[in-house]
Amino acid sequence: RMDWMSYHRLDDIYGYLNYLADTYPNIVQLINIGASYENRTLYVVRISNSSKPDTQPAVWIDGGFHAREWITHALATYIIQQLVEEPANAKLLFNIDWYIMPVVNPDGYEYSHVINRLWRRSRSNTGSRRCQGVDLNRNFDFKWGGPGSSNNPCADTFKGSKAFSEPEAVAYSKFIKSKSNQIKLYLSLHSYGQLILLPWGYEREYPSDYNETLALANLAASKFRAFSYRVGTTVDLLYRASGNSADWAKSIGIKYVYTVELPIRGFVLPASFILPVSKDFFPALDVLASKISTIP
Ligand code: 0X9
Ligand code: ZN
């Protein structure tokens, strides 16, 4: 049905999500949260074995903000498969609801398969004749338009015409907001760099609970074996990125917010890396999830 030996097109990924929802209706729900600019469905997968939905802490994981970062779509679907079908991971469903959105930017993802492998942004009409699409990770309504985002519709970091100009960012933020009391851990998957990034990303500033969130990130980082990850804020380790989704998630009160830059160097990662990267991720995910399952 699905494998992690190659990168898959959107139809295959969505077909797999539907298969899981049909096959395991007691624990998997496919939630349609809206449509992309080109009218593709935006799906969140809910995985829970609770009889009382929405009463326990939740984890949010997304992949595919940036079209060309194919390892993120692959890892997100791998996590879904492991949580649903691998009995050894049953403990991860104990006390936790999982919300996983493997393809935040489906229009860009298809474009990166068919037209331009290095496409990053969405595919909306920006008003520019030559350049389409917005950097969805600069389109969020927290410090929107600040340093590290661009006014230029042809730039990789184009922020859009206004905060939440993009239907993908709107659907995403509405859904997370509706669960924001439940979601205690937020992971946004990107590539590349082998980094666990903490807010803030808009400026060299630190949230008041920075040390606490840093300690958990360091513990998670210590669990990787095949690849090593560095931990720090987006600004300290990379650059400023105003209007990014993780800062927005932190701003609405989610406690543990991390952007993970997956291995290695370059956006085009051979498919032979999917399984090593994904298997290496699980012990860290275990540590992160265990922490929040103890929050009352
Ligand atoms: O620039 C970005 O959006 C991310 N790097 S990438 O190479 N994947 O494009 C980094 C953003 C990290 N910042 C936060 N989301 N906090
Ligand atoms: Zn990215």
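Would you please name the residue that is farthest from the chain's Cα centre (by Cα), looking only at residues in region 59-72 that are within 16 Å of ligand 2 (Cβ to nearest atom) and of a type in the set (Phe, Trp, Tyr)?
So the residue we want is Trp70.
Name the one entry in Leu75, Leu118, Leu92 that is aliphatic (A, V, I, L, M), over 23 Å from Phe164 (Cβ atoms) and surrounded by fewer than 20 Cβ atoms within 10 Å (Cβ to Cβ). It would help to see each step written out before you state the result.
Values: Leu75 fails: surrounded by fewer than 20 Cβ atoms within 10 Å (Cβ to Cβ); Leu92 fails: surrounded by fewer than 20 Cβ atoms within 10 Å (Cβ to Cβ).
Sole residue among the options that is aliphatic (A, V, I, L, M), over 23 Å from Phe164 (Cβ atoms) and surrounded by fewer than 20 Cβ atoms within 10 Å (Cβ to Cβ): Leu118.
Taking the options Ile254, Ile264, name whichever one is within 18 Å of the chain's Cα centre (by Cα), of a type in the set (Val, Ile, Thr) and within 26 Å of Gly145 (Cβ to Cβ). Before you say what the answer is, go through the steps one by one.
On the way: Ile264 fails: within 26 Å of Gly145 (Cβ to Cβ).
Only one candidate qualifies: Ile254.
Among the numbered conditions (1) in a loop (DSSP other than H, G, I, E, B); (2) of a type in the set (S, T, N, Q); (3) within 12 Å of ligand 1 (Cβ to nearest atom), tell me where Ser180 comes up short.
That leaves (3) as the condition not met.
Looking only at residues in region 25-58 that are under 17 Å from Leu136 (Cα atoms) and outside any strand (DSSP E or B), which one is farthest from ligand 2 (Cβ to nearest atom)?
Asn39
Looking at (1) within 19 Å of Gly232 (Cα to Cα); (2) surrounded by 21 or more Cβ atoms within 10 Å (Cβ to Cβ), which one does Glu212 not meet, given that it meets all the others?
(2)
Just to be sure before I move on: is Asn137 of a type in the set (S, T, N, Q) and assigned to a loop (DSSP other than H, G, I, E, B) in the structure I sent? Lay out the reasoning, then the answer.
On the way: of a type in the set (S, T, N, Q): yes; assigned to a loop (DSSP other than H, G, I, E, B): no.
Here the answer is no, as Asn137 does not meet what is asked.
Residue check, Trp4 against (1) crowded, with 16+ Cβ neighbours inside 10 Å; (2) under 23 Å from Lys179 (Cβ atoms), all met but one. Which one?
(2)
When Arg68 is evaluated against the numbered criteria (1) away from ligand 1 (no atom under 13 Å from the Cβ); (2) more than 26 Å from Ile252 (Cβ to Cβ); (3) of a type in the set (D, E, K, R); (4) in contact with a Lys or Arg (Cβ under 7 Å, 6 or more places away or on another chain), which criterion, by number, is the only one it fails?
Unmet condition: (1).
Among the residues of region 184-214, which ones are of a type in the set (Ser, Thr, Tyr), part of a loop (DSSP other than H, G, I, E, B) and away from ligand 1 (no atom under 12 Å from the Cβ)? So that I can check it myself, show each step before the final result.
Our first condition is that a residue be of a type in the set (Ser, Thr, Tyr); within region 184-214, this holds for 186, 188, 191-192, 202, 206, 208, 210, 213.
Narrowing the set further to residues that are part of a loop (DSSP other than H, G, I, E, B) leaves 192, 202, 206, 208.
Answer for region 184-214, where residues must be of a type in the set (Ser, Thr, Tyr), part of a loop (DSSP other than H, G, I, E, B) and away from ligand 1 (no atom under 12 Å from the Cβ): Tyr206, Ser208.
Just give me the residues in region 129-148 being farther than 15 Å from Glu38 by Cα, touching a strand residue (DSSP E or B) at 6+ places or on another chain (Cβ under 9 Å) and more than 14 Å from ligand 2 (Cβ to nearest atom), in sequence order.
Listed by number, the list holds a single entry, Cys131.
Which of the residues spanning region 59-85 are outside any helix (DSSP H, G or I) and touching a helix residue (DSSP H, G or I) at 6+ places or on another chain (Cβ under 8 Å)?
Result: Val59, Trp60, Ile61, Asp62, Gly63, Gly64, Phe65, His66, Ala67, Arg68.
Any idea how many residues of region 215-233 are surrounded by fewer than 16 Cβ atoms within 10 Å (Cβ to Cβ) and part of a loop (DSSP other than H, G, I, E, B)?
The qualifying residues number 5.
For residues that are surrounded by 22 or more Cβ atoms within 10 Å (Cβ to Cβ) and either assigned to a strand (DSSP E or B) or polar (S, T, N, Q) (or both), scanning just region 234-251, find the one that is nearest to the chain's Cα centre (by Cα).
My answer is Ser245.
Please give the number of the condition Trp98 fails out of (1) assigned to a loop (DSSP other than H, G, I, E, B); (2) closer than 25 Å to Asn32 by Cα; (3) hydrophobic (A, V, I, L, M, F, W, C).
Failing condition for Trp98: (1).
Can you spot a residue in region 89-105 that is among the aromatic types (Phe, Trp, Tyr), within 16 Å of ligand 2 (Cβ to nearest atom) and touching a residue at least 12 places away in the same chain (Cβ under 8 Å)?
No, region 89-105 contains no residue that is among the aromatic types (Phe, Trp, Tyr), within 16 Å of ligand 2 (Cβ to nearest atom) and touching a residue at least 12 places away in the same chain (Cβ under 8 Å).
Hey, among Ala155, Ala169, which residue is assigned to a helix (DSSP H, G or I), closer than 21 Å to Gly64 by Cβ, within 16 Å of ligand 2 (Cβ to nearest atom) and among the aliphatic types (A, V, I, L, M)? I'd like the intermediate steps shown before the answer.
Values: Ala155 fails: assigned to a helix (DSSP H, G or I).
Going through Ala155, Ala169 in turn, the sole match is Ala169.
No lab work stands behind these numbers, since they all come straight from the coordinates. Keep in mind the model is a prediction, meaning the values are calculated, not measured. Please note: Cβ atoms are built from the backbone with ideal geometry, for glycine as well, and neighbour counts cover all protein chains shown.
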